[in-house]
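> Quick one: the structure is below, and I'll ask about it shortly.
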Amino acid sequence: MYTIYFEDGQVWQGDSIENSKWNEMPNKLIKRIIYKINKNEITLEGYEAYNHIVERVQFILNANQPKITKVLLMALSNRKVNIITFNIEKNIIESSIVDYGMEYYNKPTTGWKSGLILTNPHHNII
């Protein structure tokens, strides 16, 4: 699902959307993250911190199998969070900017990882 390039040159390979292993990665400054979701590639670089959420919905009829509906990629810069939402069901990518602490349904998230700050943080969607 994603590859992380750390400041020290180490590379970390995340796992699948179902089990990203986000909390298992080393605690180092992130230089760049490249997410691959379906046929899309999303690169985030130069932000203060990074996070992501895999949104799941569990239907009563199929209670044992939650369905992944969205992946939210988040990057923090100057108390603003760039959110790139990949809607799995509709196969579309949407982008928004919110205040830090309001990133998921107007509530804060946990699990932020520190980044190597550049003067011009950016993202690229292919």
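> Looking at the chain, I'd like the Rg to Rh ratio, where Rg is from alpha-carbon atoms and Rh is Kirkwood's inverse mean 1/r.
Taking Rg over the Kirkwood Rh, I get 0.96.
> Classify segment 3-43 as rounded, prolate or oblate from the Cα gyration tensor: take a ≥ b ≥ c as the square roots of its eigenvalues, call it rounded if a/c is under 1.5, otherwise prolate when a/b beats b/c and oblate if not.
Because a/c hits 1.5 or more and a/b fails to exceed b/c, segment 3-43 counts as oblate.
> Points 7 angstrom from Cα along the Cβ direction at residue 94 and residue 117: gap in nanometres?
3.0
> For segment 1-106, run through the GluC sites (Glu not before Pro) and keep only the ones in DSSP coil with at most 14 other Cβ atoms within 10 Å of their Cβ. All intermediate terms of the calculation are to be shown ahead of the outcome.
Details: sites: 7, 18, 24, 41, 45, 48, 55, 89, 94, 103; in loops: 7, 18, 48, 89, 103.
Loop-located and lightly packed - 7, 18, 89.
> Looking at segment 40-126, which chymotrypsin sites (Phe, Trp or Tyr not before Pro) are in a loop (DSSP not H, G, I, E or B) and have at most 14 other Cβ atoms within 10 Å?
Details: sites: 47, 50, 59, 86, 100, 104, 105, 112; in loops: 47, 59, 100, 105, 112.
Filter output for segment 40-126: 59, 105.
> What nm distance separates the two modelled labels at residue 102 and residue 41, each placed 7 Å from Cα along Cα→Cβ?
So the label points at residue 102 and residue 41 sit 3.4 nm apart.
> Cα to Cα, under 16 Å, and not fewer than 8 places away if on the same chain: which lysines meet these conditions relative to residue 28?
Within the straight-line cut-off, residue 28 pairs with 113.
> Compute, for the chain, the length of the dipole vector about the Cα centre, with Cβ point charges of +1 (Lys, Arg) and -1 (Asp, Glu) only. Units Debye, rounded to 20. Could you put the intermediate results ahead of the total?
On the way: 14 positive and 13 negative charges, 28 e Å.
That gives the chain a dipole magnitude of about 140 debye.
> Quote the FRET efficiency, to the nearest 0.05, computed for residue 5 versus residue 69 with a Förster distance R0 of 25 Å and r equal to the Cβ-Cβ distance.
About 0.30, to the nearest 0.05.
> Just flag the trypsin sites (Lys or Arg not before Pro) in segment 1-60 sitting in loop per DSSP whose Cβ has no more than 13 other Cβ atoms within 10 Å.
21, 39
Rule-based calculations on the coordinates, nothing more; no lab input. Because the structure is a prediction, the values reported are computed rather than measured. Here Cβ is always computed from backbone atoms with ideal geometry, including for glycine, and neighbour counts include all displayed protein chains.
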